[in-house]
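Reviewing the structure listed below.
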Amino acid sequence: LKEIFYTSLYHTMIAPNKLSDRNGDFRSTDMKIYNDSNINFTVFSLWDTFRSTHPLFNLIERKRTSLFLNSFLNQYKNGGQLPIWELCANYTGCMIGYHVVSVILDAYVKGINYDNYDKLYQAMLHISNRNKLGIPEFKKKGYISSFTEPESVSKTLEYSYNDWCIYKMAQLYNDSTNLSIYAKRAQSYKNLFNKNSGLMQPKTNANWKAGFIPSEVNYNYTEANSWQYSFFVPHDITGLIELHGSKKQLEAKIDELFTANSNMVGRNQADITGLIGQYAHGNEPSHYMSYLYNMVDKPYKSQKMVNTILNKMYSTNPNGIIGNEDCGQMSAWYVLSSIGLFDVNPGDPYYLIQTPL
């Protein structure tokens, strides 16, 4: 176990990477060369790493986190946008959401020293209002239609969480106008919840898309199916409980997630690995679901499931991680979980405490 733990800790340190030359020169997101007395970083796999890697860094790499924030601001100033999945000064267009806002908020509330949070807040407002990737329809309707934008369910859910992060920053800056706007946007996840199935489903023309199969991997979800996204409301578990009707009913649905048949239909998705029922530990959308039992007053179920994942999904073998490492996220989950800490909702100023390994 100690060997797995320290190997995992090493894996969390491989990215982000230093981008600056020794003289302070670095290539920014407009492909021009700049100079900064602070080291700039690259390889921000934020769709993966906002979940556990950056919350871990907020404990053990606090000075480096402030340099990440400086890198974000430089990318915004020079390239015109905060990073989503940035690689060697390229915006890549890879993955969904704008989870950089989660990393910024979480650093703020966890007390990371940085002088320009006010400028980053303006950059957060900017990235959430671009005229692309379904954002205009999301703002207008409160959800993204299946036929107008790929990965519509996943984007609707992730934008809702991202907008909660901006809502919290608006609160911190006493920005009453944006506070009300983003409070409403953060509730958009409710528009894709089907009470009949208890799952998040795609819509077309305000109606549920026909032929829904919970285990189907298709273009409505990002590297996942409905089971693997229907619990992604980290910012409003109380609201999710209300949608299901009670804590007991949400608990039953989480039970169903972990006990459902693991067979899937639809397209083949290599990222979906490490299955326990329809829970897929080998890919990021599932990563906080084993902790949800804490929110329905059944912490012993979380303890049991997390312990099972720690012991079954990681080993000292060459294939000792059950899925793609994704720039340290798989290992960061292990590090936090094995020491008995977890950040269910990055952006909250605390960690959940659980039985350590």
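The values are calculated or read from the model by the stated rules, or taken from the named source; none is laboratory data. Since the model is a prediction, treat every value here as computed from it, not as a measurement. As a convention, Cβ positions derive from the backbone with ideal geometry for all residues, glycine included, and neighbour counts pool all protein chains shown. Surface accessibility is based on the protein's heavy atoms, side chains included, excluding ligands, DNA and RNA. Shrake-Rupley method; radii C 1.70, N 1.55, O 1.52, S 1.80 Å.
Checked against a 28 Å cut-off, the cross-linked pairs K2/K155; K132/K209; K77/K155 give Cα-Cα distances beyond that limit for K2/K155. Cut-off under 14 Å on the C-alpha distance; same-chain residues fewer than 8 positions from K141 excluded. Which aspartates and glutamates are left, in chain and number order? K141 reaches E149. Tell me whether region 253-357 comes out rounded, prolate or oblate; compute the Cα gyration tensor, take square roots of the eigenvalues as a ≥ b ≥ c, and use a/c under 1.5 as the rounded threshold. In terms of gyration-tensor shape, oblate. In terms of packing, defined here as the mean over residues of other Cβ atoms within 10 angstrom, the peptides 204-211, 226-233, 317-324 line up highest first as 226-233, 317-324, 204-211.
If the segment from S180 to R130 were pulled out straight at 0.36 nm per residue, it would be longer than the present Cα-Cα gap by 16.1 nm. Most simply put, the chain has about 85% antiparallel DSSP beta bridges, counting only bridges with both residues inside it. Out of these labelled values of Cα Rg over 2.2 N^0.38 Å, (1) 1.54; (2) 1.25; (3) 0.96, which was calculated from the coordinates shown here? Of the listed options (1) 1.54; (2) 1.25; (3) 0.96, (3) comes from this structure. Computed with a 1.4 Å probe over protein heavy atoms only, the accessible area of H11 comes to about 50 Å².
Using just its DSSP H runs of length 4 or more, each adding -39500 (n - 2.57), the chain gives a mean residue ellipticity at 222 nm of -12500 deg cm²/dmol after division by all residues. Each label point was placed 7 Å from the Cα along the Cα-to-Cβ direction; for Y10 and N191 their separation is 4.8 nm. Distance from the Cα centroid of region 298-357 to that of region 244-271 is 19 Å (rounded to whole angstrom).
Computed over region 228-313, the percent of Cα pairs more than 17 Å apart is 46. Other residues whose C-beta falls under 11 angstrom from the C-beta of T65 contribute a net charge of +2, scoring Lys and Arg +1 and Asp and Glu -1.
Summary of the geometry: region 139-190 and region 1-48, compared by the centres of their Cα atoms, lie 29 Å apart.
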